[in-house]
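See structure below.
The values are calculated or read from the model by the stated rules, or taken from the named source; none is laboratory data. Small disclaimer: the values here were computed from a predicted structure and weren't measured. Backbone-built Cβ (ideal geometry, glycine too); neighbour counts: all protein chains shown. Ligands, DNA and RNA are stripped out before the accessible areas are found, and what is left, the full protein with its side chains, is counted by its heavy atoms. Shrake-Rupley method; radii C 1.70, N 1.55, O 1.52, S 1.80 Å.
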Amino acid sequence: MKLRAEAGTVRDRVGDLMPDIRSNLEALVRIPSISHPGHEASQLRRSAEATAGILRDAGCQTSLLEIEGAPPAVLGRIPAPPGAPTILLYAHHDVQPTGARELWHSDPFEPIEKNGRLYGRGTSDDKCGVVMHAGALRAHEGRPPVGVTVFVEGEEEWGSPNLAKFLDRFGDDLRADAVILADSGNWRTGQPGLTTSLRGIVACDLEVRTLDHAVHSGEFGGPVPDALTVLARTLATLHDERGNVAVPGIARGSADPLDLTEEELRKQVGMRPGVRLIGEGGITERMWARPAVSILGIDAPRITESTNQLVPFARARVSMRIPPGQDAEAAMKGLVEHLRSHVPWGAEVVITPRGVGKPYRLSAEGGAYEAMRRAMTEAFGREPVLMGAGGTIPFVADFAKAFPKATLLLTGAGDPFSNAHSEDESVDLGDLERSTLAEALFFEHLAGG
């Protein structure tokens, strides 16, 4: 009976705090903290300072962590009561570029609410993680029953290239018994999830060349191949006729099918009516435990700039997601060898590797997972789903290496409709409240409450 009363008190506090939590999220979203090169670096410092202010208001002692060549990260700390464990809370304050602005239905950096969702770049990925952590601390009036360290980095969307350096230099300040990495999401709106597996990623740029310069397509077309046709034929070899990845030697695993139907998946992604799913195996298996190849971009003349000529060279960026159990370096080698061996007609080829992210599988066992399952069940009224994720979060492996004895938990307030990395990104405000409450209750349960 006592536990229910305490849980109710925390629930009431989170509900009362939601206007402030939302206001903090809106303030962060208004800062265009894009970490990709070519964007204004000063916005990342603005975002870090705003994040530090939010954590300070939640009761943390805060500071900016600086490493040469990296955007500032934010550290917040609340010491542990005697005998209590310490929790490290992770999020990131940088965001993806917007893409084509005309595809957004509202300004990406001016948050707007529609049908219970808050829209704007970073609402889900991952500025909601910042305010979720701050809200959970404020629900305990800045005096949680556990020690809390908050670490918010500023370059996750660019692959966290300096995270290992941060963890090495500031590792003593970040050490904890459990780590909540709030950069994932829930199984569906209103139903919590704990992510236990992640695919990795390898990517490369492919350039093919057939001519020293463009020539007249009427005079020379026929015997002389153009580079765009060569590129198209090469890229077409990456899948077999059923849509399975054709790169040899890549691991394939299995996954719990859960209750995801094709109808629900099609609705989540906005799939056009006549388009069929590709690949073989269960839906979750294809998303989480099998490889996937995507063509992220092509450099070639725009239609409006094209003319009757044979294009001399063309480029494409190829990305392959790899399942847990697959060595990332071996996957990169396999992808490069496949592309090189399938370029037709003797065209010249240059392949430039663009980066590697390791897959990862977490063990969902131990006291921290029991405490989080209990907290999520109380906050959402439904038990959490142990789920995989098809995306890649390279920093998980970095945290596991830096803190081998700590339990890692992947959470987040997003859902399949959040549209992270795309236009009209959003977060469900009800799920943001429930996720904040779950984290606040987790503090109590881990402390033995």
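So which of Val29, Val10, Val14 ends up being within 22 Å of the chain's Cα centre (by Cα) and open to solvent by less than 10 Å² (accessible area, probe 1.4 Å)? After ruling out the rest, the residue left standing is Val29.
The criterion of at least 2 residues that are surrounded by 13 or more Cβ atoms within 10 Å (Cβ to Cβ) and in contact with a Ser or Thr (Cβ under 9 Å, 6 or more places away or on another chain) is met by the following helices (runs of 4 or more DSSP H) wholly inside segment 255-343: 283-288, 328-341. Scanning segment 123-145 for residues that are within 22 Å of Ala406 (Cβ to Cβ) and crowded, with 22+ Cβ neighbours inside 10 Å turns up Asp126, Gly129, Val130, Met132, His133, Ala134, Ala136, Leu137, Pro144. The C-beta contact set for segment 254-270 (first residue farther than 11 Å from Met287 by Cβ, second residue surrounded by 11 or more Cβ atoms within 10 Å (Cβ to Cβ) and acidic (Asp, Glu), distance under 7 angstrom, 6+ apart or interchain) comprises Ser254/Glu285. Restricting to segment 154-182, count the residues that are touching a helix residue (DSSP H, G or I) at 6+ places or on another chain (Cβ under 6 Å), within 28 Å of Glu40 (Cβ to Cβ) and not in a helix (DSSP H, G or I). The number of residues fulfilling the criteria is 3.
Summed over segment 69-103, the residues that are within 25 Å of Val396 (Cβ to Cβ) and open to solvent by 50 Å² or more (accessible area, probe 1.4 Å) give a count of 2. Just one of the listed residues (Ser47, Ser35, Ser106) is open to solvent by 20 Å² or more (accessible area, probe 1.4 Å), at pLDDT 95 or above and farther than 28 Å from Tyr369 by Cβ, namely Ser106. Against the criterion of being small (Gly, Ala, Ser), part of a loop (DSSP other than H, G, I, E, B) and out of contact with any Gly (no Cβ under 8 Å at 6 or more places or on another chain), Gly53 does not qualify. Taking the stated definitions as given, is Asn162 polar (S, T, N, Q) and either closer than 21 Å to Thr62 by Cα or surrounded by fewer than 21 Cβ atoms within 10 Å (Cβ to Cβ) (or both)? Yes, satisfied.
When residues in segment 393-410 are screened for being open to solvent by 10 Å² or more (accessible area, probe 1.4 Å) and among the β-branched types (Val, Ile, Thr), 2 of them pass. Against the criterion of being at pLDDT 95 or above and more than 15 Å from Leu167 (Cα to Cα), Pro111 qualifies.
Scanning segment 238-251 for residues that are buried (at least 16 other Cβ atoms within 10 Å of the Cβ) and outside any strand (DSSP E or B) yields Leu238, Asn244, Ala246, Val247, Ile250, Ala251.
The set of residues from segment 401-449 being modelled with pLDDT under 95 and basic (Lys, Arg) comprises Lys401, Lys405. Look at segment 392-407: where a residue is under 14 Å from Arg169 (Cα atoms) and a partner is in a helix (DSSP H, G or I), sitting 6+ places away or on another chain with Cβ atoms under 7 Å, you get Asp398/Leu163; Asp398/Ala164; Asp398/Leu167; Ala402/Leu167; Ala402/Gly171.
Let's see how each residue does on (1) part of a loop (DSSP other than H, G, I, E, B); (2) crowded, with 22+ Cβ neighbours inside 10 Å:
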{"position": "Tyr369", "(1), (2)": "no, no"}
{"position": "Glu378", "(1), (2)": "no, no"}
{"position": "Arg382", "(1), (2)": "yes, no"}
{"position": "Gly391", "(1), (2)": "yes, no"}
{"position": "Phe417", "(1), (2)": "yes, no"}
{"position": "Ser422", "(1), (2)": "yes, no"}
{"position": "Gly430", "(1), (2)": "no, no"}
{"position": "Ala438", "(1), (2)": "no, yes"}
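Matching residues to (1) within 30 Å of Arg354 (Cβ to Cβ); (2) free of Cβ contacts under 8 Å to residues at least 60 places away in the same chain; (3) of a type in the set (Asp, Glu); (4) in contact with a Cys (Cβ under 9 Å, 6 or more places away or on another chain):
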| position | (1), (2), (3), (4) |
| --- | --- |
| Lys127 | yes, no, no, no |
| Ala134 | no, no, no, yes |
| Gly142 | no, no, no, yes |
| Val146 | no, no, no, no |
| Glu156 | yes, no, yes, no |
| Asp168 | yes, no, yes, no |
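Residue count for segment 183-210, restricted to those that are open to solvent by less than 30 Å² (accessible area, probe 1.4 Å) and touching a helix residue (DSSP H, G or I) at 6+ places or on another chain (Cβ under 8 Å): 14. The residues listed here are Arg272, Arg266, Arg290; of these, the one that is of a type in the set (D, E, K, R) and under 30 Å from Ser306 (Cα atoms) is Arg272.
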